[in-house]
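Asks: Take this structure first; my questions come after.
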Amino acid sequence: MRRQSVLGGGAGWWWRGGGAVAWWGAVVLAHLVTPGRAGLLETNPGLAYNFYQTSCPSAEATVKSITWQMVAANPALAGRLLRLHFHDCFVQGCDASILLDTPASQNEKSAPPNGSVGGYEVIDAIKTKLEATCPGVVSCADIVALAARDAVSYQFQASLWQVETGRRDGSSSLASNAGALPSFSAGFAGLLASFAAQGLNVTDLVALSGAHTIGKASCSSVTPRLYAGNATSVDPLLDSTLAAVLINKCPNNASSSSATVDLDGNTPLKFDGVYYTNLINKRGLLASDAALMQNAAAAAIVNDLTNPIKFYAAFAMSMKKMGRVNVLTAKNGKGKIRAQCRAP
Ligand code: HEM
């Protein structure tokens, strides 16, 4: 099956299943996933590429094949799995704490910012398969990180970024720690502070926000930009044409709050740089997206990342940094390999 490349411009083509990408797309992707390209990053905490090469050689192929199968059957999982990794890493590090079902009703996944997080069933399916093949070897935290990459890579049939592995899993999960996640209503300073608390900078904030080029948000995440009480009151930072569309999709009543809208209304399923063009045109969906244009340094980065090649490179680098946040590893002697991702 031939499809237009998502790498931009419509000039290239890739073939699903055949593994081929257009020549220039292949060059770009090969460049993006070259190890060691990333440059200045924090001291490595004990992660490595292909950590499971000897201990469980099929690990990464298993994650990819199950993720691709499940994303093919349900494309909405691409956004869910990408967000799952972010919500894992920002709350006590990339330790799979978001997956824990205990303590009941006080765990991270029950915290309000995680209410619409999903993709847990994909991680369960992968873990079940890997425990059958390589018992006690592959961490849930690594599965989350790899599945995020592979969920996005499905549409390219090639990886956009490399994932270091060797994370171990934590044993605790507390809803009260979820306050580390940035709020959709945060202004620029609040967003930057949330990222800085994880060792991430303004470039990471802008690059990683580009994840909002795919996926959906609940109307309840958008209505504060449309209404004040019973009255329509549109955020001046929101394009009026988009506001009219959103008012139609998210009427000012409680029954609409669980309806969803696309984060990138132009190319909602494509992992491309259109998110940044949207921001420039006041068409970012969330208040936190619009906030990126309220700071000169961030706005300059937004302009830069409208170029998809630059976006992919910046996203790859920042995902690598995010994937290192407070990791538990053999090197620091912390964490364990959980036998079940939902139980400590
Ligand atoms: C900069 C701060 C961020 C804020 C305030 C934020 C907030 C949100 C909110 C409110 C939603 C919609 C949830 C809902 O209404 O159901 C959302 C969705 C999403 N976020 Fe973010 N986010 C941020 C950064 C990130 C990052 C860093 C990533 C990944 C690297 C990410 C990936 C996603 C994805 C893929 C979705 C769509 C999920 C789906 O379709 O199920 N976000 N985000």
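The values are calculated or read from the model by the stated rules, or taken from the named source; none is laboratory data. Everything numeric in this text was worked out from a predicted model, so none of it was measured. Positions of Cβ are generated from backbone atoms using ideal geometry, with glycine treated the same way; all protein chains shown enter the neighbour counts. Side chains are part of the model used for accessible areas, which takes the heavy atoms of the whole protein and leaves out ligands, DNA and RNA. Shrake-Rupley method; radii C 1.70, N 1.55, O 1.52, S 1.80 Å.
Asks: Please determine whether any residue of segment 98-107 is hydrophobic (A, V, I, L, M, F, W, C), over 18 Å from Gly323 (Cα atoms) and touching a residue at least 24 places away in the same chain (Cβ under 8 Å).
Replies: Yes, some residue in segment 98-107 is hydrophobic (A, V, I, L, M, F, W, C), over 18 Å from Gly323 (Cα atoms) and touching a residue at least 24 places away in the same chain (Cβ under 8 Å).
Asks: Would you mind stating whether Gly46 is within 16 Å of the ligand (Cβ to nearest atom) and in contact (Cβ under 8 Å) with a residue 40 or more places away in the chain? Before you say what the answer is, go through the steps one by one.
Replies: Values: within 16 Å of the ligand (Cβ to nearest atom): no; in contact (Cβ under 8 Å) with a residue 40 or more places away in the chain: yes.
Criteria not met by Gly46.
Asks: Which pairs do you get when a residue that is within 16 Å of the ligand (Cβ to nearest atom), found in segment 162-182, comes within reach of a residue that is in a loop (DSSP other than H, G, I, E, B) and at pLDDT below 95, reach meaning Cβ atoms under 6 angstrom, with the pair 6+ apart or on two chains?
Replies: Qualifying pairs under 6 Å: Gln162/Val33.
Asks: Only one residue in Asn50, Asn114 is open to solvent by less than 60 Å² (accessible area, probe 1.4 Å) and among the polar types (S, T, N, Q). Which one?
Replies: Residue meeting the stated conditions: Asn114.
Asks: Pairs, please: C-beta under 7 Å, at least 6 apart or cross-chain, first residue more than 19 Å from Lys320 (Cβ to Cβ) and in segment 204-217, second of a type in the set (D, E, K, R) and open to solvent by 10 Å² or more (accessible area, probe 1.4 Å)?
Replies: Hits for this filter: Gly215/Arg83; Lys216/Asp262.
Asks: Another one. Which residue out of Ala193, Ala211 is in a helix (DSSP H, G or I), over 17 Å from the mean Cα position of the chain (by Cα), aliphatic (A, V, I, L, M) and closer than 30 Å to Cys140 by Cα?
Replies: It is Ala193.
Asks: Could you list, in sequence order, the residues of segment 198-211 that are surrounded by fewer than 23 Cβ atoms within 10 Å (Cβ to Cβ) and near the ligand (Cβ under 6 Å from one of its atoms)?
Replies: Leu208, Ala211
Asks: So Glu121 passes all but one of these: (1) closer than 30 Å to Thr102 by Cβ; (2) open to solvent by 30 Å² or more (accessible area, probe 1.4 Å); (3) touching a Ser or Thr at 6+ places or on another chain (Cβ under 7 Å); (4) in the same structural domain as Val91 (by TED's automatic domain parsing). Which condition number does it fail?
Replies: (3)
Asks: Which one is nearest to Cys94 (Cα to Cα), of the residues in segment 322-334 that are open to solvent by 40 Å² or more (accessible area, probe 1.4 Å) and touching a residue at least 40 places away in the same chain (Cβ under 8 Å)?
Replies: Asn326
Asks: Let me ask another. Please enumerate the residues belonging to segment 224-252 that are open to solvent by 30 Å² or more (accessible area, probe 1.4 Å) and in a helix (DSSP H, G or I).
Replies: Across segment 224-252, the qualifying residues are Pro224, Ser240, Thr241, Ala244, Val245, Ile247, Asn248, Lys249.
Asks: Separate question: Among Gly166, Gly187, Gly215, Gly179, which is the only one that is open to solvent by 10 Å² or more (accessible area, probe 1.4 Å), at positive phi and modelled with pLDDT of 95 or more?
Replies: It is Gly215.
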